[in-house]
Number of protein chains: 4
Amino acid sequence: MAGRNHLYVPGPTNVPNEILNAMHVAMEDHRSPVFPNLMKPLLQDLKLIFRTEAGQAFVFPATGTAGWEIALTNCLNPGDKVLIYRFGQFGHLWAELAKRLGFDVEIHQVEWGKGIPVDHLEARLKEDKSHEIKAFLATHNETATGVTSDIAGVRKAMDAASHPALLFVDGVSSIASIDFRMDEWDVDGAISGSQKGFMLPAGGAFVAFSQKAMKATETSSYSRGFFDLKDMANSNKDGYTPYTPSIPMLYGLRKALDLLLEEGLDNVYARHARLAEGTRKAVAAWGLKQCAHPGFESNTVTAVMVPADKDARHVISTAFSKYNISLGAGLSELAGKAFRIGHVGDMNDVSMLGAIAGVEMALLDNGFDIKAGSGVGAAVEYYRSTAK
Amino acid sequence: MAGRNHLYVPGPTNVPNEILNAMHVAMEDHRSPVFPNLMKPLLQDLKLIFRTEAGQAFVFPATGTAGWEIALTNCLNPGDKVLIYRFGQFGHLWAELAKRLGFDVEIHQVEWGKGIPVDHLEARLKEDKSHEIKAFLATHNETATGVTSDIAGVRKAMDAASHPALLFVDGVSSIASIDFRMDEWDVDGAISGSQKGFMLPAGGAFVAFSQKAMKATETSSYSRGFFDLKDMANSNKDGYTPYTPSIPMLYGLRKALDLLLEEGLDNVYARHARLAEGTRKAVAAWGLKQCAHPGFESNTVTAVMVPADKDARHVISTAFSKYNISLGAGLSELAGKAFRIGHVGDMNDVSMLGAIAGVEMALLDNGFDIKAGSGVGAAVEYYRSTAK
Amino acid sequence: MAGRNHLYVPGPTNVPNEILNAMHVAMEDHRSPVFPNLMKPLLQDLKLIFRTEAGQAFVFPATGTAGWEIALTNCLNPGDKVLIYRFGQFGHLWAELAKRLGFDVEIHQVEWGKGIPVDHLEARLKEDKSHEIKAFLATHNETATGVTSDIAGVRKAMDAASHPALLFVDGVSSIASIDFRMDEWDVDGAISGSQKGFMLPAGGAFVAFSQKAMKATETSSYSRGFFDLKDMANSNKDGYTPYTPSIPMLYGLRKALDLLLEEGLDNVYARHARLAEGTRKAVAAWGLKQCAHPGFESNTVTAVMVPADKDARHVISTAFSKYNISLGAGLSELAGKAFRIGHVGDMNDVSMLGAIAGVEMALLDNGFDIKAGSGVGAAVEYYRSTAK
Amino acid sequence: MAGRNHLYVPGPTNVPNEILNAMHVAMEDHRSPVFPNLMKPLLQDLKLIFRTEAGQAFVFPATGTAGWEIALTNCLNPGDKVLIYRFGQFGHLWAELAKRLGFDVEIHQVEWGKGIPVDHLEARLKEDKSHEIKAFLATHNETATGVTSDIAGVRKAMDAASHPALLFVDGVSSIASIDFRMDEWDVDGAISGSQKGFMLPAGGAFVAFSQKAMKATETSSYSRGFFDLKDMANSNKDGYTPYTPSIPMLYGLRKALDLLLEEGLDNVYARHARLAEGTRKAVAAWGLKQCAHPGFESNTVTAVMVPADKDARHVISTAFSKYNISLGAGLSELAGKAFRIGHVGDMNDVSMLGAIAGVEMALLDNGFDIKAGSGVGAAVEYYRSTAK
């Protein structure tokens, strides 16, 4: 198919050519005396993205899914109770992983489209007088529904309940694109991955842990191997790794950090907010609904609901096969009911207008009652009136 | 500026990542026994793009401008009369180059927006009973005005006049994107460059000559050095070059040929025709005029005229600085009066919709009386109704 | 430092430019309908490298170390007894990992420089009448000592003892460079990594399991998450993955497989054998000893012992800082006593001669009593007399 | 053939991966307002390599051969007399080009192996009382014979004769690797190319002209088109080019300049001198002779003579087909009599030792009476005793 693929899945995201070039490097001896010159500032600067000074950041050669496991198995003990709200496929998978790993997982169902109910959380934690709950697992941005939860509110609820549980946050699709403040919100384990806001290929689990979490690793009796945080911390101290690292991933991350820090994190967040709002204007102009309820809209991905008589899979399939545009599918409960437009990573206004126009074509082709140009027109108006 | 630059100038065009990768190669000995394994099929397959069997194709490490010079200085004698119609900046430059090179250049002015007047040409050639005109210089696609001339008609006119002049065609912005038939149209010198339909960086002058033109090189007394066709032909015969070639350009061309031939030239032409027509629908929906008169519209670039009270340079400048979208400027007589949208090379529907939406924003910002979404809507309708 | 770094550590190895280019790709939707067109043949062809038809091959976004864990935790039950011979740092680390993961690890010390004592193994397995030993962990190529063990002999010993233990083989630094035959040797778990013979960056754990091992996963009660083989197998069945894969790693592997299969595995093995033998000739000419005892010499890495009055670390440090050549350090018990020359991956005769000459300079600089040119001369004679 | 090709032709030279990456860029509008931010400092810094403050540097999308033509056709008038000494194939070609271009070329034959005879030059210029000689064409480094001429001596001779001829220097294989001082030596036209010391692919003619030469362009009546220096200078003034530039070449040059200036030109020269001297030690150890007579040895290429009963082409062919090492052939008069080892560009000690060892193998294979390791041993001793 001629011309490039237009990628708007919410991960993996488009990797800028500068980053791909940075990854196109000769291998090198990861035990050389100069290797720490790469590694040490990298881990230091990675902390800036997590917005932590007190915590420690790590790079594992794995994915965000592994990040979930790293947090659980290093800071908790087998059978520990953990609490999670389930309001999307990725929260669901995290809960399932925790169950499989032998934890006692208390799952509360929340309507898909909403995020963490902080009042309920506060009440539940207050109830837990004996502090049986050892960790609260919070999905900051649920990629499946396009829902962002209020982590500041989560912290407030935990504090209000004076509950000592560790706070683990899945920030795979938020960190480096949506406002995230590890220290300010007292997050104990922040989990991200390379393939979303970091604009890298998958293959990097980027995680950060508070001192409280690091302390917990010392008493954890969970059996760990590859994902042992203490081994990683020990090697990292001198700028090395416990096993062969992915050299391209490290150089790619170096470039990604440079790009993010050069733009400025607040500008990165603001850009994503604008890109998302323009997309939402288009969705509204089409007369379609988002999966996310008001107040929960994500700035990295918009899940668009289709009317009951339509199948979102057809929209995605038309977009892909006829127009070479890749959209995210509705997952699990949302299969066929929603399609998702990713607006995360290396994107700007014109990128999103291409996406929106492409979606319009696929909607029209599938008999949606919309006016050609309506969505794009709404986005055009929004972007141009808010651009600097 | 975050996000990628959206490039819609009519050259250099977007180079597909496959081609950039193909150019990312180790250097090699251009006198090795295996070098001809690259070179010989390359020159052979390049002929397929020119649609010539009888002619010979060449790659010079230079640009399309050099191609003009190669044709003139190898096939003509100093002071020879050449005929050209001037209806845009690139025809103008070719005529100027011919003058500087010491040829007797007969220039006929044609309104910018129109192409070669084949009836006038026929009359003029009939007049030239003594065959003083040694070559006719035809700009197939005038990139400055978005005008395509009728080369089949040119040949018909020449034949009707039974005129033996050589036919040199500037196909820099047509060959490999707009229908071009060297053998069928009896073109003697076809000149193209790497940076348009070939989807390569600039730095390659791709030219092809008929046997008649090759024969003319034997008697030409023009002083030549770097651009000597006989030297090139002699070295090429064995699969070598008279001086060090650009290894990346050769491997890049190899990949470009593979991509073009895989898509199929007729499909390439049809794709450009569709992309162009969608763009023209948008222009019409905005109520703006093209520079090209009906029947002359180019499928690789559209020059859009702005009303007298507007300056097209502001549109271009807004597009670039506010939206990171690069448009072509109006050149020379068209400076300030037109902007140009390139739709040539590695493009598809969604690429063009991004361009059109970006232009809409810049037009609105500059006070053009258009409706947001109108241009994109028209293109959306056209593209989706004609896509396979 | 001017000029390129000359990399002769036994991993990560030099990645050919073709592979780095293959990894320089746009991201794509890993849930698209065309993704299996990449994934399915990839896993199929990966089996060819393991030389298995009956088994199943997998790609995890992790490293060889993770491969050890994948084999243990998927096919065994917590507390199961496993048997291992420890004769180098990597065998040591595998044993340690198994202990940490809660297995009952029976470790037999073997002199570093020797490999698996197959007679002892047979005797030990015969002793284990009740079949308490559930798996035997065999380090095919011990990268730390440059020692290759006889896996065919291991299988013979196991068969002689009619012992049903699973046979797990660490082939990280052997598979794709040293003769390895999964089916013929009835290997149950073969573990490799991307960064040695596969000529890729680290970040890929390539593993293959026999049907017997796959069956064992069904009854394993070990808690697994990220490394769950059943999840991977389920997704792979349809050409997908349970979580976001590293797109560049997959395309890189595709290219690596193409290169390996084009050369032919037997030719790959023969090339490594020649490169290794030339290196050994040089070591002998210097009057130095290898760590590997006769019969155990590895074809991917040679560990060279230095006399008692010398420190191998100085050789490595001179080589690196003065000549930009990277050698492997002696690890653990061998620290300071040995340096290692990797001859694995994208190497040929001239590559090795550069390495050997570089080592000569570093040896002379450190007061070793050798003659300049002696090692290279020996290798020159060997290579030229055996080259085709 | 497995493993990489080892390239030791004296151009194109090995392009460092950083430069290839710098050339792997998206195209951009060469008429954009930010384009001069790239172009202006590039041309300014290029002057540093020519060691000129007073002169002006230019980048033409062509090759060094075109550089010869640019100097001749822009600064001279048709039929002007030029003087040249012919002592190698490239001087020969320059003289031939000048003849074809219609100049009156006075050629003096010099034994191949020697360089410009400055005493003879002084005498000849003194003879030319009427200053008929308008330019002296000096080949700084004759790539065919591995001979470097004394340009400071040339200037002294010209001054001693008080001769006003322009001094044009072919520095294609010297500039950026061998000491060259445009201002100090009053060079009027310095001609180089991208594919030698600049470590770029071919495709860039890098030239610099003195103010005297620039002044001469104003009165030159030679017919020029593509290579017109005034057009280029006019466009360059504002940071633009008269026709589409090769974007990758410009970014590649940017990186090359950064690398050269970071290393420091004097260090670059010293490195080449060391690399050359080591190569010469090896040649001497083999008992072979260089083409270059004492005092004329080049630091970028060594032409090695073979005994009368040997054919150098067989050495080159064995090296290439058996060992994947590319050597330069003897050209023209030297065909079969010499092979050439390039030591120019991105090279260091270990690179050269690989080359020398490779040549040893090819010599032995072809029955040369040399001792394996002798050449490498001599180079090892030299490099290690002179390395920092």
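Here, segment B:147-274 yields an orientationally averaged convex hull projection of 9.3 nm² when only Cα atoms define the hull.
Each copy carries a label point for B:GLY336 at 7 Å from Cα along the beta-carbon vector; from one copy to the others these points are 6.2, 7.1, 8.1 nm apart, nearest first.
Would segment D:200-253 count as rounded, prolate or oblate if I go by the C-alpha gyration tensor, calling it rounded below 1.5 in a/c and otherwise prolate when a/b exceeds b/c, oblate otherwise?
Numbers: a/c = 1.95, a/b = 1.84, b/c = 1.06.
Cα axes put segment D:200-253 in the prolate bin.
Between A:GLU96 and B:GLN44, what FRET efficiency comes out of the Förster formula 1/(1 + (r/R0)^6) with R0 = 56 Å and r the beta carbon distance, rounded to 0.05?
Working: r = 59 Å, r/R0 = 1.05.
Once the sixth-power term is evaluated, E becomes 0.45.
Once both labels are positioned 7 Å from their Cα atoms along Cα-to-Cβ, the gap between B:ALA284 and B:LYS388 label points is 2.4 nm.
In nanometers and ordered shortest first, the copy-to-copy spacing of the D:HIS293 label point, defined 7 Å from Cα toward Cβ, is 6.6, 7.2, 9.6.
First obtain the Kirkwood hydrodynamic radius of chain D from its Cα pairs, then insert it into the Stokes-Einstein equation at 20 °C and 1.002 mPa s, and state the resulting D in µm² per second as a whole number. Taking Rh from Cα pairs, D becomes 100 µm²/s. Dividing the mean sequence gap of close Cα pairs (under 8 Å, 6+ apart) by how many residues segment B:10-147 holds gives a relative contact order of 23 percent. Relative to one another, the C-alpha centroids of segment A:328-367 and segment C:159-178 are positioned 49 Å apart. Between A:GLU184 and A:SER321, the contour length at 0.36 nm per residue exceeds the alpha carbon distance by 44.8 nm.
For chain A, the Cβ-based charge dipole about the Cα centre amounts to some 400 debye (Lys, Arg positive; Asp, Glu negative; other atoms uncharged). Tilt of helix B:374-386 relative to the longest C-alpha principal axis of chain B, in degrees (0 to 90, nearest 10)? Approximately 60 degrees, to the nearest 10. Cβ-to-Cβ counts within 10 Å put C:VAL283, A:VAL350 in ascending order as C:VAL283, A:VAL350, the fewest first.
As a proxy for reagent exposure, ranking B:VAL376, A:VAL172 by other Cβ atoms within 10 Å from fewest up yields A:VAL172, B:VAL376.
I'm checking a number: the convex hull volume of the Cα atoms of segment C:1-156, normalised per residue, in Å³. What is it? Write out the running numbers ahead of the final one.
Details: hull volume 28.6 nm³, N = 156.
Spelled out: Cα convex hull of segment C:1-156, divided by residues, is 184 Å³.
Computed from Cα positions, the angle between helix B:349-365 and the longest principal axis of chain B comes to roughly 60 degrees.
When chain D is turned onto chain A, its residue with the beta carbon nearest the axis, and that distance in whole angstrom, is D:ASN21, 2. Taking the Cβ of A:ALA329 as the centre, find all other residues whose Cβ is under 10 Å away and add up their charges (Lys, Arg: +1; Asp, Glu: -1). Residues near A:ALA329 contribute +2 overall.
Mean residue ellipticity at 222 nm, helices only, the protein assembly as shown: -13500 deg cm²/dmol; runs of at least 4 DSSP H residues each add -39,500 (n - 2.57), and the sum is divided by the number of residues.
Going by a ≥ b ≥ c, the root eigenvalues of the Cα gyration tensor, does segment D:94-173 fall in the rounded group (a/c under 1.5), the prolate group (a/b larger than b/c) or the oblate group?
Details: a/c = 1.78, a/b = 1.20, b/c = 1.48.
Verdict is oblate for segment D:94-173.
Net charge dipole, segment A:261-388: roughly 200 debye, given to the nearest 20, about the Cα centre with Cβ charges of +1 for Lys and Arg and -1 for Asp and Glu. Of B:GLU18, B:GLU28, B:GLU53, the residue with the greatest mean-square motion in the GNM of chain B, using alpha carbon springs below 10 Å, is B:GLU28. Rounded to two decimals, what is Rg over Rh for segment D:227-364 when you use alpha-carbon atoms and the Kirkwood radius? Here the Rg-to-Rh quotient is 1.11. Apply the Debye scattering formula to segment B:31-90, with a single equal point scatterer on each alpha-carbon and no solvent, then give log10 I(q)/I(0) at q = 0.23, 0.24 Å⁻¹. Listed by q, the Debye log ratios stand at -1.12, -1.14.
Rounded to the nearest 10 degrees, the angle from helix D:265-285 to the longest Cα principal axis of chain D is 30 degrees.
Across identical copies of the chain, C:LYS388 has label-point separations of 4.3, 4.5, 6.2 nm, listed in ascending order, with the point defined 7 angstrom from Cα along Cα→Cβ.
Rounded to the nearest 20, the Cβ-based charge dipole of segment D:195-249 about its Cα centre (Lys and Arg +1, Asp and Glu -1) stands at 180 debye.
Along the charge dipole of segment B:17-262, which of B:SER173, B:PHE209, B:HIS120 sits closest to the positive end, that is, farthest toward it, with unit charges on the beta carbon of Lys, Arg, Asp and Glu (+1, +1, -1, -1)? Positive-most Cα among the choices belongs to B:PHE209.
Residues A:PHE198, A:PHE180, arranged from fewest to most other Cβ atoms within 10 angstrom of their Cβ, appear as A:PHE180, A:PHE198. Taking Lys and Arg as +1 and Asp and Glu as -1, the other residues whose beta-carbon sits under 11 Å from that of A:ASP159 total 0. May I ask for log10 I(q)/I(0) of the protein assembly as shown at q = 0.05, 0.07 Å⁻¹, from a Debye sum over the Cα atoms as equal point scatterers with solvent left out? Per q value, in the given order, log10 I(q)/I(0) is -0.45, -0.87. Charge tally around A:THR148: other residues with Cβ under 10 Å, Lys/Arg +1 each, Asp/Glu -1 each, net -4.
Computed from the coordinates by the stated procedures, all read-outs in this text should not be read as laboratory data. The structure presented is a predicted model; accordingly, all values stated were derived computationally and were not measured. Here the Cβ is made from the backbone with ideal geometry for all residues, glycine too, and neighbour counts use every protein chain on show.
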